[in-house]
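Engineer: Once you've had a glance at the structure underneath, I'll fire off some questions.
The values are calculated or read from the model by the stated rules, or taken from the named source; none is laboratory data. Given the structure is predicted, the values throughout are model-derived calculations rather than measurements. Neighbour counts run over all protein chains shown; Cβ positions are idealised from the backbone, glycine included. Areas reflect the complete protein model, heavy atoms only, side chains present, ligands, DNA and RNA absent. Shrake-Rupley method; radii C 1.70, N 1.55, O 1.52, S 1.80 Å.
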Amino acid sequence: MPELPEVEQVRISLVPHVVGRTITAVQVDVAKMVRHPGVEEFRKNLAGRTITGVGRRGKYLRLELDDGSWLLVHLRMTGALLAVKKELPEPRFTHLVFQLDGPENLYFTDIRKFGVVALMGRDGYQDKGYASLGPEPLDGELTPQYLKEKARGKTAVLKAFLLDQSVIAGLGNIYVDEALFAAGMRPTRRVNRVTRKEWEALTLAIKRVIAQGLAHHGTTFRNYQDADGHMGDNSRYLQVYHRKGLPCLRCGTLLKQIKVSGRGSVYCPHCQK
């Protein structure tokens, strides 16, 4: 699933293609991908609206519209928003098409059809996931004290705790594994056994791995691409994620993979305590 750095790169790449463009029509081939409102109302209310900006919060994209409403987009596991010239073939696995008044259309492609869109700001509808997001990794609000307070009274393992979007918005499997390695902590550690010094190390590690992901335009292994169809190259800088069975780049110990809260988690038995 695209995480914060990947979605931010999509946001950046979308801006020159869509800002200032008017949506002339919307084609919906998979109705379940439209979370709100109904498909016909969704199509009707978007037609004629001009896109005034592209924002992001956590793993969500916001396409701001000229009437004060906005299009909320969650790419989920394999979704992509692609800006493609109208004379070129429609991309594979296209399920929604936003026809624009310029030389390109905007295509929502998704192999698994898990991605969703919702038209917000017109009728009071709230997306629960979006409304409950915690601070982002690079926000000043994310501090060791904040994490310590959020963990108070809990016995969850660190991996599950950090994946909770109401705790930190935008973290997923890739960057949690990388942050835990950088902080020297195993994904199975219980949050009620983390010391103040360890919270400090973990907070710094989270900020560093997210900054690195942003600097390298996100991580691509299989499906992730930005609006121009470009892949991210952060995979070259990963220390543990997707490296099961390979030597630790720090100590040479073979990396292990275990299941934590239903997610594959790679770690170094020597470097992570």
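Engineer: Taking the dipole about the Cα centre of segment 116-273, with the C-beta of Lys and Arg at +1 and of Asp and Glu at -1, give me whichever of GLY140, GLY129, VAL191 is farthest to the positive side.
Structural biologist: Looking along the dipole axis, the top candidate is VAL191.
Engineer: Okay, moving on. Any idea what the dipole of segment 76-192 comes to, in debye rounded to 20, about its Cα centre with Lys/Arg Cβ at +1 and Asp/Glu Cβ at -1? Spell out each step's value before the answer.
Structural biologist: Working: 16 positive and 14 negative charges, 144 e Å.
For segment 76-192, the charge dipole is close to 700 debye.
Engineer: Considering only the other residues whose Cβ falls under 12 Å of the Cβ of ARG35, what net charge follows from Lys and Arg at +1 and Asp and Glu at -1? Don't skip to the end; give the middle numbers.
Structural biologist: Details: positive: LYS32, ARG76, LYS128; negative: ASP127.
Within the 12 Å Cβ shell, the charges total +2.
Engineer: While we're looking at this one, here's another question. Just to confirm the number: angle between the C-alpha axis of helix 4-18 and the first principal axis of the chain, 0 to 90 degrees, nearest 10?
Structural biologist: Its long axis makes an angle of about 20 degrees.
Engineer: Round to the nearest 10 and give me the degree value, 0 to 90, for the angle of helix 173-183's Cα axis relative to the longest principal axis of the chain.
Structural biologist: Rounded to the nearest ten degrees, it is 30.
Engineer: Take the alpha carbon gyration tensor of segment 137-273, find the square roots of its eigenvalues, order them as a ≥ b ≥ c, and report rounded if a/c is under 1.5; if not, report prolate when a/b exceeds b/c, else oblate.
Structural biologist: Values: a/c = 1.78, a/b = 1.24, b/c = 1.44.
Taking the square roots of the gyration eigenvalues as a ≥ b ≥ c, segment 137-273 is oblate.
Engineer: List, in the order given, every pair from LYS32/LYS154; LYS154/LYS244; LYS150/LYS207; LYS159/LYS244; LYS150/LYS259 whose Cα-Cα distance in the structure shown is over 26 Å.
Structural biologist: On the way: LYS32/LYS154 35 Å; LYS154/LYS244 29 Å; LYS150/LYS207 17 Å; LYS159/LYS244 17 Å; LYS150/LYS259 24 Å.
Table pairs above 26 Å Cα-Cα are LYS32/LYS154; LYS154/LYS244.
Engineer: Give the shape of the chain as rounded, prolate or oblate, defined through the alpha-carbon gyration tensor: a ≥ b ≥ c are the square roots of its eigenvalues, a/c under 1.5 means rounded, and otherwise the shape is prolate if a/b is larger than b/c and oblate if not. Write down the numbers at each step before the final one.
Structural biologist: Working: a/c = 2.43, a/b = 1.79, b/c = 1.36.
Prolate, because a/c is 1.5 or more and a/b exceeds b/c.
Engineer: A further question on this structure: Could you list the GluC sites (Glu not before Pro) in segment 30-99 that lie in coil according to DSSP, counting only those with at most 15 other Cβ atoms within 10 Å of their Cβ? Walk me through the numbers on the way to the answer.
Structural biologist: Details: sites: GLU40, GLU41, GLU64, GLU87; in loops: GLU87.
When the GluC sites (Glu not before Pro) of segment 30-99 are filtered for loop state and at most 15 Cβ neighbours within 10 Å, GLU87 remain.
Engineer: Continuing with this model, one more query. Using the alpha-carbon atoms, what tilt in degrees (0 to 90, nearest 10) does helix 196-215 show relative to the longest principal axis of the chain?
Structural biologist: That works out to roughly 40 degrees.
Engineer: Let me ask another. What is the spin-label model distance, in nm, from THR253 to ASP101 if the labels are put 7 Å beyond Cα along the C-beta direction?
Structural biologist: 6.1 nm
Engineer: Another one. Mind checking which of GLN165, GLN272, GLY48 is farthest towards the positive end of the chain's charge dipole, using Cβ charges of +1 (Lys, Arg) and -1 (Asp, Glu) about the Cα centre?
Structural biologist: In the chain, that residue is GLN272.
Engineer: Got a number for carbon plus sulfur as a percent of segment 1-129's accessible area, 1.4 Å probe? Walk me through the numbers on the way to the answer.
Structural biologist: Values: 2710 of 5480 Å².
Heavy-atom surface of segment 1-129 belonging to carbon and sulfur, 1.4 Å probe: 49 percent.
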